[in-house]
1. From the alpha carbon gyration tensor of the chain, can you work out the equivalent ellipsoid semi-axes (sqrt of 5 times each eigenvalue) and give them in Å, largest to smallest?
2. Stick to Cα atoms and the Kirkwood definition of Rh, then tell me Rg/Rh for the range 173-238.
3. Tell me the relative contact order for the chain as a rounded percent, counting alpha carbon contacts under 8 Å between residues six or more apart.
4. Quick check on the chain: helices-only [θ] at 222 nm, where DSSP H runs of length 4 and up contribute -39,500 (n - 2.57) each and the sum goes over total residues. Nearest 500, please.
5. Quick one: 3J(HN,Hα) in Hz for the range 136-141, Karplus 6.51/-1.76/1.60 with θ = phi - 60°, rounded, Gly and Pro as x.
6. So how do Ser24, Ser115 rank on accessible area, 1.4 Å probe, biggest first, that is with the largest at the start?
7. I'd like the per residue volume of the convex hull spanned by the Cα atoms of the range 26-101, given in cubic angstrom.
8. Regarding the range 80-143, what are the three Cα extents along the principal axes, ordered largest first, in Å?
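The values are calculated or read from the model by the stated rules, or taken from the named source; none is laboratory data. Since this is a predicted model, take the numbers as computed values, not measurements. Side chains included, ligands, DNA and RNA excluded: accessible areas come from the protein's heavy atoms. Shrake-Rupley method; radii C 1.70, N 1.55, O 1.52, S 1.80 Å.
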Amino acid sequence: MTDSIKPNYEQLKVTDLHAFYGESHILHGIDLLVRRGELVTLLGRNGSGRSTTLKSIMNMVGRRTGSIMINGRETIDSPAHHIAHLGVGYCPEERGIFSSLNVEENLLLPPTVRSDGMSLDDIYSMFPNLYERRYSQGTRLSGGEQQMLAMARILRTGANLLLLDEITEGLAPVIVQKLAEVLIKLKEKGLTIVLVEQNFRFAAPLADRHYLMEHGQIVEEIQANELASKQELLNTYLGV
């Protein structure tokens, strides 16, 4: 995939983001910045607001206020399908695989949002397991295969800003290692990735920066080269 956006371009800029489910106030003034080609994680305990942050970027919450700039365009009032057409691909924790469709039908279902999405051949090269299972129904895939399919599906659309929610949860170590290799390859291709991840040991060597969340707020931004010096803080918030 190639793109005319410059490497240090601010692909995602979130300012004073508040999110609500009904009367519940979940996010309390989130500020974060992700540059083109970066892999940034949202770290925190369950209930800290990480997944809600991804859903808010996609406008999949009850109500949101603040500013969300994607490729320099304000999207706070945009519907989710318009946001997707800006090149944003969202991979939810529950994966969203259509059980009545086989692997290849699942891959071909979403519309392309940009012209330089990965071809089926490219996807099968990156995920050889999916090629072997391409005619298998969604319900017959293992958890790891379903996760690979959920990621591959958004790559085919041409999305170049990936919002990935807990992609390693419940998966065997060999599959987790494969997903790490995939993320490295996607980063090398210049894609931008925001990763919500509970598995700190998986996320730490992959990310350029980490945002540490607690109670719907960002409490710290940590550069990759600061992890050792911030160990006490990480122990406090993550127990690592």
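1. Working: eigenvalues 147, 87, 64 Å².
The answer is 27, 21, 18 Å, longest axis first.
2. Values: Rg = 12.7 Å, Rh = 13.0 Å.
The Rg/Rh ratio comes out at 0.98.
3. Numbers: 457 pairs, mean separation 65.3, N = 240.
That works out to 27 percent.
4. It comes out at -8000 deg cm²/dmol, rounded to the nearest 500.
5. Rounded to whole hertz, the list is 8, 5, x, 6, 9, 7.
6. Details: Ser24 60, Ser115 125 Å².
Correct descending sequence by accessible area is Ser115, Ser24.
7. Details: hull volume 10.2 nm³, N = 76.
For the range 26-101, the hull spanned by Cα atoms encloses 134 Å³ per residue.
8. Over the range 80-143, Cα extents along the principal axes are 32, 25, 17 Å.
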